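Data first, discussion second: the structure below is written as structure tokens.
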Amino acid sequence: MSDHYERVKIELQQMKAVESEAAADEQQQLSPASVSSVPADVSFAARRDLTRSSINGRSRSKSRSKADGHERQVNGKQLSDLTPQKLTLDYSQEKGQSRVSNEQNIKGTLRLLKGKTAANGHVESCHRQTDGKCEHHGKEDGSKVAKKKRAVTVDTSKAKTSLEALKTSIRQLKWKEFPMGRRTACDIYWHGVSFHDNENIVSGQVNKFPGMIEMLRKINLSRAVRTMQELFPEEYNFYPRSWILPEEYQLFSTQIRHLKDNDSTLKPTFIVKPDSGSQGDGIYLIRDPADLRVISGSQIKQAVVQEYIQKPLLIDKLKFDIRLYVLVRSLEPLEIYIAKEGLSRFCTEPYQEPSQKNLSHVFMHLTNYSLNVHSGNFVHSDSCSTGSKRTFSSVLYRIASKGVDIKKVWSDIIALVIKTVIALVPELKVYYHADIPPGKPGPTCFQILGFDILLMKNLKPVLLEVNANPSMRIEHEQEVSPGVYEYVPSPVDEEVKVGVIRDTLRLMDPAQRKQHVTSNTGGGSPEEAIVVETGSDEKESLTDSLPTLCLKQVFPKYTKQFNYLRAVERIAGIFLRFLGVKGTMRLGPTGFRTFIRNCKLSNSSFSMASVDILYIDITRRWAGMLPDSREAGMCLQAFIEAFFYLAGRRFKAVPLREQVLLLLEVCEGALEGLSNSEKPRPHRSHPTQSSAPNAFSSPALTRRHHHHLQHQPLQLSAKANTEN
Ligand code: ADP
């Protein structure tokens with residue numbers, strides 16, 4: 001009975017959604033002005049109300065305006081800070097324009113609503129992709145534009161805690177929201193947790209990549225970075241030295257004992273982080289391996305133990321970290337954007353270097369908002385440059401005033417972000433391949449990641465972790481009376497997060513993407529793609545009336561500087577080629593043999609029997625390290641290890657990086673030859689195809705290998721984590 005009731009309720013909701021969609025369409029056709037359903041200066045609180053009721057929206061708007069006016073009087077300045085106009089003002093200042101009045105801004109918004117006015121007074125309507133067909137309306141009278149232009153549709157039914165910021169962004173863009181989902185396809189699906197929040201999406205774009213959550217768990221991130229450190233130790237010294245527990249418990253203990261034996265003045269501290277923890281949960285500091293809490297009940301805990309950065313940069317004597325938002329717009333071609341504005345989260349107890357006495361002082365050592373907000377010292381501030389949570393730019397200004405070269409800090413951060421994403425891409429492609437096999441219909445993906453970065457006293461940025469689902473909440477919990485908590489608007493969060501979501505949507509606008517993809521499939525270089533993108537009419541019309549993008553493209557922009565790091569991605573390209581059965585992420589023994597044969601890697605001194613032994617050996621060891629895996633076979637990490645081994649066997653005298661690059665050339669050359677003679681290459685634009693160019697220009701490196709980790713002299717990265 002109750003099931004039936006639930007079904008009826010859902011059906012009713014869907015019917016209402018379809019109805020209101022039709023009504024909205026109709027309304028849009030009738031009057032171009034009606035596109036603007038939100039008064040230009042609606043305050044945060046009012047806008048929140050609006051988002052909660054799509055059906056009664058219109059009749060409520062009057063009382064909302066009143067309430068809004070009232071709140072403005074009560075709260076004064078900070079509420080006006082929350083309006084879209086404030087954002088416009090701020091950004092136009094950034095562009096070097098003078099501060100303009102609200103009236104002018106409203107005019108600006110109207111300009112957007114009416115479309116892009118051409119010099120001749122006509123309005124040029126946009127070219128938009130509709131269900132696979134491109135509508136081209138040419139030049140028309142302004143009054144007709146709204147009739148033809150189809151708003152981009154966004155399914156927000158699974159948005160969870162990002163909902164408020166998302167709704168605000170959609171409204172600012174005049175796009176169409178489907179809060180309860182839609183029977184027909186939407187252009188964009190906004191998921192709160194994972195790619196799989198909605199199943200069976202066959203078109204459009206989803207804001208999560210398959211496998212991102214898994215890849216960003218602490219152990220997997222550490223593994224991916226470590227693989228890169230083996231090839232490029234200097235380039236990847238921004239990640240603190242880490243050990244994976246329980247498998248490296250012994251190694252960790254031995255190395256620390258040696259370290260202390262060699263230099264008794266050394267007092268390193270380590271931070272232990274549970275593998276799947278977040279918000280500081282279960283984190284603790286230790287000074288001796290004996291203090292590790294490896295067992296919980298009868299289970300051995302999966303965790304990462306990491307060198308603790310003892311000398312962070314302090315402001316007002318407090319430790320802080322930086323949360324930066326990074327958009328991975330696509331894997332193939334690789335496109336990365338960084339938000340120019342981020343957040344800085346402050347500790348609430350003055351920092352002291354770790355000592356046995358203060359190791360357990362979480363408010364001194366951990367910058368997590370979720371922890372510090374419960375400290376009596378947490379300062380909620382309506383200003384973005386004071387309090388326990390501030391904008392990153394306010395921190396940059398602050399340190400710039402002390403003579404710090406913030407351009408260098410910023411470019412180091414950009415490099416850290418690009419390198420980290422490059423480390424994640426190989427395995428992400430494997431996940432992508434399994435969930436959206438080439439040739440099968442499926443959505444494309446993009447994702448906003450939250451990078452947590454610590455600045456050391458010497459201003460070197462250090463990567464702490466990457467969050468697959470950074471909080472996009474624009475309210476914070478506040479104790480309004482003893483023991484009573486309420487969600488109240490947080491100006492700092494809104495300023496930063498709405499900008500990030502809105503700009504992500506702008507970049508994912510299907511009309512823009514269509515142009516982008518078309519320009520990319522002609523074999524042009526990634527750099528050419530950018531040129532086309534920035535010149536598009538669509539973008540111009542948006543930038544006319546919205547703030548300049550707060551997302552800055554860093555890849556492919558900096559392709560030349562970083563492409564040489566994409567060696568592991570090329571190995572993943574080979575792995576994927578031999579995966580064979582769609583939907584799997586593991587290579588079987590036959591696939592591995594075929595790889596060896598096709599790449600001509602077997603000879604009289606390396607028989608196929610040795611190949612089988614190599615396969616079994618490495619696969620078994622990795623299966624032991626990934627106990628919860630249900631799939632049998634060789635995972636990518638194991639394949640990479642096999643590849644390194646084969647490279648070392650074949651090119652003995654040179655360092656590992658050279659060995660790997662040489663073997664890649666051998667393999668890619670052999671496969672290219674095969675492809676040319678046998679079959680057409682699969683579709684170019686699928687992310688599983690390795691597109692990392694072969695440009696390798698970096699100086700040679702010193703060799704390190706999984707097996708050799710144990711023989712490395714341990715150097716902790718408080719200085720630079722550099723090898724040798
Ligand atoms: P969680 O996902 O639980 O927040 P983090 O890796 O972000 O885990 O760590 C929590 C906090 O601990 C960070 O915000 C930072 O303040 C501190 N921290 C983490 N790693 C280090 C480190 N290696 N050195 C110094 N502080 C660290």
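Where a number appears in this text, it was derived from the coordinates with a stated rule and is not lab data. Everything quoted here is computed from the prediction, not taken from an experiment. Every residue, glycine as well, gets a Cβ built from its backbone with ideal geometry; the counts of neighbours run over all protein chains shown.
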Quiz item: How high is the relative contact order of the range 272-356, in percent, counting Cα pairs under 8 Å that sit 6 or more residues apart?
Solution: 24
Quiz item: Going by average Cβ neighbours within 10 Å, how do the peptides 419-428, 663-672, 326-335, 641-650 rank, with the highest at the top?
Solution: 419-428, 326-335, 641-650, 663-672
Self-check item: the range 586-593 - phi-based ³J(HN,Hα) in whole Hz, Karplus 6.51/-1.76/1.60, Gly and Pro as x
Solution: 10, 8, x, x, 5, x, 5, 4
Practice problem: Describe numerically, in nm with one decimal, the distance between label points set 7 Å from Cα along Cα→Cβ at His374 and at Ala400. | Solution: 3.8
Quiz item: Can you flag which of Lys267/Lys357; Lys429/Lys652; Lys218/Lys267 are past 22 Å Cα-Cα?
Solution: Lys429/Lys652; Lys218/Lys267
Practice problem: Provide the per-residue ³J(HN,Hα) series for the range 275-291, in order, calculated from phi with Karplus coefficients 6.51, -1.76, 1.60 and θ = phi - 60°, each as a whole number of Hz, with x at glycine and proline positions. | Solution: 3, 9, x, 8, 6, x, 4, x, 7, 8, 9, 9, 10, 9, x, 5, 7
Quiz item: Taking square-rooted eigenvalues a ≥ b ≥ c of the alpha carbon gyration tensor, is the range 278-412 rounded, prolate or oblate, where a/c under 1.5 means rounded and, failing that, a/b exceeding b/c means prolate?
Solution: oblate
Self-check item: Three-way shape call for the range 456-514 based on the alpha-carbon gyration tensor, with the a/c threshold at 1.5
Solution: oblate
Quiz item: Using +1 on the beta carbon of Lys and Arg, -1 on that of Asp and Glu, and nothing else charged, what's the dipole of the range 363-414 about the Cα centre, debye to 20?
Solution: 100
Quiz item: Tell me, what ³J(HN,Hα) does each residue in the range 319-336 have, in order and in whole Hz, if you take phi through Karplus 6.51 cos²θ - 1.76 cosθ + 1.60 with θ = phi - 60° and put x for Gly and Pro?
Solution: 6, 8, 10, 10, 9, 10, 9, 10, 9, 8, 7, 6, 8, 9, x, 5, 9, 10
Quiz item: Under a point spin-label approximation (7 Å from Cα along Cα-to-Cβ), what is the Thr386-Arg293 distance to one decimal in nm?
Solution: 3.8
Quiz item: Which FRET efficiency value, to the nearest 0.05, do you get for His258 and Asp617 by plugging their Cβ-Cβ distance into 1/(1 + (r/R0)^6) with R0 = 41 Å?
Solution: 0.90
Practice problem: Before anything else, pin down the relative contact order of the range 558-663: Cα pairs under 8 Å, at least 6 apart, normalised by residue count, whole percent. | Solution: 26
Quiz item: If contacts are Cα pairs under 8 angstrom and at least 6 residues apart, what is the relative contact order of the range 413-479 in percent?
Solution: 25
Exercise. Please give the length that would be gained between Asn676 and Lys600 if that part of the chain were fully extended, namely 0.36 nm times their separation in residues minus their C-alpha to C-alpha distance (nm, one decimal).
Key: 25.8 nm
Self-check item: Simple spin-label estimate for Glu199 and Met180 in nanometres, 7 Å along Cα-Cβ
Solution: 2.2
Quiz item: If the limit is 29 Å between Cα atoms, which of Lys440/Lys557; Lys311/Lys402; Lys340/Lys440; Lys174/Lys319 go over it?
Solution: Lys440/Lys557; Lys340/Lys440; Lys174/Lys319
